[in-house]
Amino acid sequence: MELADLHVHTTASDGTVKPSEIVKKAIEGGLKAVAITDHDTIDGIEEAYNEALKYKHFTLVPGIEISTTFEGQEVHVLGYFIDYNDANLIKKLQELKQQREIRGKKIIQKLEKMGIYISMEKLKNIVGNGTIGRPHIAQALVNSGYSKDVQMAFDKYLIKGSPAYVPRQKLLPSEAIDLIKKAKGITVLAHPIFLKDKEQILRVLNFGFDGIEVEYPNHSNEFRGWLNKVAKKLGLIGTGGSDFHGEIKAVELGDSTVEFKVVKKLLQLKGEKFK
Ligand code: AMP
Ligand code: ZN
Ligand code: FE
Ligand code: FE
């Protein structure tokens, strides 16, 4: 069977593996396709794409995962086969990157008030060319000996309700969908398991997604069964992926996959929608 992992992060956001290395790793692991879906950035796509060109039978899906807020809950919107040269998309992502920078500084200031000192310089070293996310700050806390591991840093300082938590700029799911559609991409609701309940998932789907992420490491058999039923009823494409981040998360590339025919379906839908 030909398999695709359609949810992967790189060093362009908060992953620890370079885009080109992701492609090599995917091929070594026998995958037929991967989608690069970095948080709020498309900066990793070109490098991955150039690497993928070396392999005739491998497909690189240009994607993104945009963070939004709905009913006070984090909702992540995946975009597939986006036109990553779209000027409107590039401009908006630039803004989001700047806002993440400001937020990163705010979190550092909050930590300072608690007697925890992480310099912006240290953080920048970890972020590299990426866009600042809480995983980077968690890593900085670990490196400086304030936490044993990334998860503990999150639980103690960074999750919602904890002392150094700072929310991101609030984008609505509809705004993310708009942005992706304007860039001729296919919209998919990411990891629905992280929403409050099934009713909330159905409410979010009213925004008009093209697909829903069915295969995901945290999804039980029962939950996937329900998602497949919903997808069928609403005419959504069921996608899936591992949400691989490299070392910072206990998930391997290819831990969740879908058949390659899902990639074809996404492309076909793109063709129909944006003739
Ligand atoms: P940010 O976009 O900066 O708010 O960071 C979000 C990222 O942090 C997610 O994509 C996850 O990889 C990670 N994350 C969010 N919540 C947690 C948590 N409770 N424990 C560990 N990692 C988390
Ligand atoms: Zn992440
Ligand atoms: Fe996500
Ligand atoms: Fe993700």
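The values are calculated or read from the model by the stated rules, or taken from the named source; none is laboratory data. This structure is a prediction, so every number in the text was calculated from the model and none was measured. In this analysis, Cβ positions are derived from the backbone assuming ideal geometry, glycine residues included, and neighbour counts consider all displayed protein chains.
Values for this structure:
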| item | result |
| --- | --- |
| Residue in the stretch 142-156 that is surrounded by the fewest Cβ atoms within 10 Å (Cβ to Cβ), counting only those that are assigned to a loop (DSSP other than H, G, I, E, B) and not basic (Lys, Arg) | 145 |
| Answer residue from the stretch 228-275, given it is within 16 Å of ligand 3 (Cβ to nearest atom) and assigned to a helix (DSSP H, G or I) and is farthest from residue 196 (Cα to Cα) among those | 246 |
| Condition check for residue 8: surrounded by fewer than 24 Cβ atoms within 10 Å (Cβ to Cβ) and within 15 Å of ligand 4 (Cβ to nearest atom) | no |
| Number of the exception - residue 36 against (1) within 19 Å of residue 270 (Cα to Cα); (2) surrounded by fewer than 24 Cβ atoms within 10 Å (Cβ to Cβ); (3) within 15 Å of ligand 4 (Cβ to nearest atom) | (2) |
| Count of the stretch 6-59 residues which are under 27 Å from residue 134 (Cβ atoms) and without any contact (Cβ under 8 Å) to a residue 40 or more places away in the chain | 12 |
| Qualifying residue in the stretch 100-107 (condition: of a type outside the set (Ser, Thr, Tyr), at pLDDT 95 or above and within 16 Å of ligand 3 (Cβ to nearest atom)) | no |
| Odd one out for residue 64, checked against (1) within 20 Å of residue 174 (Cβ to Cβ); (2) at pLDDT below 95; (3) within 16 Å of ligand 4 (Cβ to nearest atom) | (2) |
| Residues (touching a strand residue (DSSP E or B) at 6+ places or on another chain (Cβ under 7 Å) and within 17 Å of residue 74 (Cα to Cα)) located in the stretch 181-199 | 187, 188, 189, 190, 191, 192, 194, 195, 196 |
| So residue 182, is it surrounded by fewer than 22 Cβ atoms within 10 Å (Cβ to Cβ) and at pLDDT below 95 | no |
| So residue 92, is it over 28 Å from residue 189 (Cα atoms) and more than 15 Å from ligand 2 (Cβ to nearest atom) | no |
| Residue 171 vs. criteria hydrophobic (A, V, I, L, M, F, W, C) and within 14 Å of ligand 1 (Cβ to nearest atom) | yes |
| Some residue of the stretch 133-141 being of a type in the set (Gly, Ala, Ser) and in a loop (DSSP other than H, G, I, E, B) | yes |
| Close pairs (9 angstrom Cβ cut-off, 6 or more residues apart or separate chains): farther than 18 Å from residue 18 by Cβ and among the charged types (D, E, K, R) in the stretch 238-263, within 16 Å of ligand 2 (Cβ to nearest atom) and at pLDDT 95 or above anywhere | 255/5; 255/217; 255/241; 255/242; 255/243; 255/244 |
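Each row is one residue, and each column tells you yes or no for (1) over 20 Å from residue 68 (Cβ atoms); (2) of a type outside the set (D, E, K, R).
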| site | (1), (2) |
| --- | --- |
| 184 | no, no |
| 188 | no, yes |
| 193 | no, yes |
| 223 | yes, yes |
| 231 | yes, yes |
| 241 | no, yes |
| 255 | yes, no |
| 274 | yes, yes |
